[in-house]
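Here is the structure we will look at, set down as structure tokens.
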Amino acid sequence: MDVLIMGKGKSGLSAGKLLEKKGYSVFYYDDKGKTFVPENPAFVVKSPGVPPYHPLIKFFKEKGVNVLGEVEIAGRYLKGKVIAVTGTNGKSTTTALIYHALKKLWKGKVFIGGNYGIPVSDFACETEEDSVSVIELSSYQIEDLKDFKSNVSVILNITPDHLNRYRDFKEYVKAKLKLIEHTKDKIILNADDNSLKPLLNRKNVLSFSMKSKADAFFKDGKIFLDGFSVTISELPVKGYHNIQNIMAALLALRVFGIDESKFLEAIKDFKGLEHRLEFVKILNGVTFINDSKSTNVDSLEKALLSFDKVILIAGGKDKGIDFSPIRPIVKERVKKAFFIGETGKRLKELFSEVAESEFKATLEEAVISAYRAAEEGDTVLFSPGCSSFDMFKNFEERGKIFKQIVEELK
């Protein structure tokens, strides 16, 4: 049987290899190159980056051909339990925290993948009945789910993002919340998120909160869970958003019967992820932080809440996001800001009334200027709040270049 793979990126190629092993004849389509397209494929596999309104996708849907995502295809071959994690921000760190703990505490094999950078198709056939797969899902991947099911689903937050793909914020929220339909057992939600509050009364929901009592909540410098508490100074990762991530991870693992104290022992050597509020170095009393993974206004806000006396570097590709809600936080935390990229001049105008602001043509100019403006005890925070594609290949390249520039400072 013929199968068409739309997109020749990592997930498309991985799905193709899996399907070839299962006896399918696989053909690949990419807009950049001429490719043979089978007339009547058994189904079409759509890579996450291919929009649902692509002409070829619409053509096959009108013909009644199933259009499936890579995660959906791989899910047909997954055995054991599945934890799915989504959210506008924090999903990679939370996925990694859960995986890190399970690797030490779970009796069977443990896998990590999805939007995390490892296609689920890479390991689906290696899973066993006592395995756990921890899968990070983007809204693009959730859009394409049909029969995929997770045992536990975590939705960390939903804030404006990808508005260059979705018609409006409501459509983006709908894409994220579709994960609930694909959950067998427990759903873990952020009780502080306005988009998630209407769902808190469901019977299968556990919640966490930074502001009020919930199944897991934060108060007076401690995380509380029924019969358990921990001070944040004992946690291996710092920052406002990481308190939320750890509460979500604790609740997910509690569903699997893992003791909270064992979880904390298991993650004590967790270093956090590269490009997520990553400490780079201290130079002449100035701390440099790489938060290149910050690609929207909410992640920038969480980064700013984690530091005082900030020299900010931000900006990048414009995704149509409104940054005005964080003006009060910028006024409170930022001593001076340097803006770069496609959004740089717009952000300079927006924030110039609340913080001294300058536009810089390159990241290197911004870093050098930020260092010159900083005083002992300040933090140079590189948290773009925008995607990277105007100046860099991806956020990883952007973060690595930032660190390289910092290392070359004198």
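The values are calculated or read from the model by the stated rules, or taken from the named source; none is laboratory data. Note that the coordinates shown come from a computational prediction; the quantities given were computed from them, not determined experimentally. Positions of Cβ are generated from backbone atoms using ideal geometry, with glycine treated the same way; all protein chains shown enter the neighbour counts. Side chains included, ligands, DNA and RNA excluded: accessible areas come from the protein's heavy atoms. Shrake-Rupley method; radii C 1.70, N 1.55, O 1.52, S 1.80 Å.
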Inset, instruction - Answer yes if at least one residue in the range 76-92 is surrounded by 21 or more Cβ atoms within 10 Å (Cβ to Cβ) and closer than 19 Å to Met1 by Cβ, and no otherwise. - result: no
Legend entry - Per-region count, the range 146-162, residues more than 23 Å from Gln244 (Cβ to Cβ) and not aromatic (Phe, Trp, Tyr): 3
Inset, instruction - Could you give me the residue pairs with C-beta distances under 7 Å whose first residue belongs to the range 248-271 and is under 15 Å from Asn151 (Cβ atoms) and open to solvent by 20 Å² or more (accessible area, probe 1.4 Å), whose second residue is outside any helix (DSSP H, G or I) and modelled with pLDDT of 90 or more wherever it lies, and which are 6+ apart or on separate chains? - result: Val255/Val152; Val255/Asp185; Val255/Lys186
Inset, instruction - Could you list, in sequence order, all residues of the range 109-123 that are open to solvent by 20 Å² or more (accessible area, probe 1.4 Å) and assigned to a loop (DSSP other than H, G, I, E, B)? - result: Lys109, Asn115, Tyr116, Gly117, Ile118
Legend entry - Complete set of residues in the range 229-261 that are within 18 Å of Ile188 (Cβ to Cβ) and out of contact with any strand residue (DSSP E or B) (no Cβ under 9 Å at 6 or more places or on another chain): His241, Asn242, Asn245, Gly257, Ile258
Legend entry - Where a residue in the range 368-386 is under 11 Å from Asn284 (Cα atoms) and its partner, wherever it lies, is part of a loop (DSSP other than H, G, I, E, B) and of a type in the set (Val, Ile, Thr), with Cβ under 9 Å and at least six apart: none
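Conditions tested, residue by residue: (1) out of contact with any strand residue (DSSP E or B) (no Cβ under 9 Å at 6 or more places or on another chain); (2) in a loop (DSSP other than H, G, I, E, B); (3) open to solvent by 20 Å² or more (accessible area, probe 1.4 Å).
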| site | (1), (2), (3) |
| --- | --- |
| Tyr140 | no, no, yes |
| Phe148 | no, yes, no |
| Ser153 | no, no, no |
| Pro160 | yes, yes, yes |
| Arg167 | yes, yes, yes |
| Leu189 | no, no, no |
Legend entry - Spans of helices (runs of 4 or more DSSP H) in the range 321-410 with at least 1 residues open to solvent by less than 80 Å² (accessible area, probe 1.4 Å) and under 21 Å from Glu274 (Cα atoms): 363-373, 395-407
Legend entry - Count of the range 126-138 residues which are surrounded by fewer than 22 Cβ atoms within 10 Å (Cβ to Cβ) and over 20 Å from the mean Cα position of the chain (by Cα): 5
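When you scan the range 95-107, do you find a residue that is farther than 21 Å from Ala248 by Cα and in contact (Cβ under 8 Å) with a residue 12 or more places away in the chain, even just one?
Here is the first cut: in the range 95-107, the ones farther than 21 Å from Ala248 by Cα are 107.
So of that shortlist, the ones also in contact (Cβ under 8 Å) with a residue 12 or more places away in the chain come out as 107.
Yes, that holds for at least one residue.
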Legend entry - Ile98, sole failed condition from (1) open to solvent by less than 20 Å² (accessible area, probe 1.4 Å); (2) at pLDDT 95 or above; (3) under 22 Å from Phe217 (Cβ atoms); (4) not in a helix (DSSP H, G or I): (4)
Inset, instruction - Please name all residue pairs, on different chains or six or more residues apart, with Cβ atoms under 9 Å, provided the first residue is in the range 198-218 and is under 23 Å from Glu181 (Cβ atoms) and the second residue is among the aromatic types (Phe, Trp, Tyr) and exposed (fewer than 11 other Cβ atoms within 10 Å of the Cβ). - result: none
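Go through the range 201-223 and give me each residue that's part of a loop (DSSP other than H, G, I, E, B) and either among the polar types (S, T, N, Q) or open to solvent by less than 50 Å² (accessible area, probe 1.4 Å) (or both). Before you say what the answer is, go through the steps one by one.
Quick first cut of the range 201-223, residues part of a loop (DSSP other than H, G, I, E, B) only: 201-204, 210-215, 220-221.
Listed by number, the residues that qualify are Asn201, Asn204, Met210, Ser212, Ala214, Gly221.
So, of the residues in the range 39-53 that are crowded, with 16+ Cβ neighbours inside 10 Å and modelled with pLDDT of 90 or more, which turns out to be farthest from Tyr116 (Cα to Cα)? Don't jump to the end; show me each part of the working.
First, the residues of the range 39-53 that are crowded, with 16+ Cβ neighbours inside 10 Å: 41, 43-48, 50.
So of that shortlist, the ones also modelled with pLDDT of 90 or more come out as 41, 43-46.
Details: Pro41: 29, Phe43: 25, Val44: 23, Val45: 19, Lys46: 18 Å.
Checked the range 39-53; the qualifying residue farthest from Tyr116 (Cα to Cα) is Pro41.
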Inset, instruction - Within the range 6-38, track down each residue that is crowded, with 16+ Cβ neighbours inside 10 Å and among the β-branched types (Val, Ile, Thr). - result: Val26, Val37
Legend entry - Members of the range 291-319 found to be part of a helix (DSSP H, G or I) and open to solvent by 40 Å² or more (accessible area, probe 1.4 Å), listed by number: Glu301, Leu305
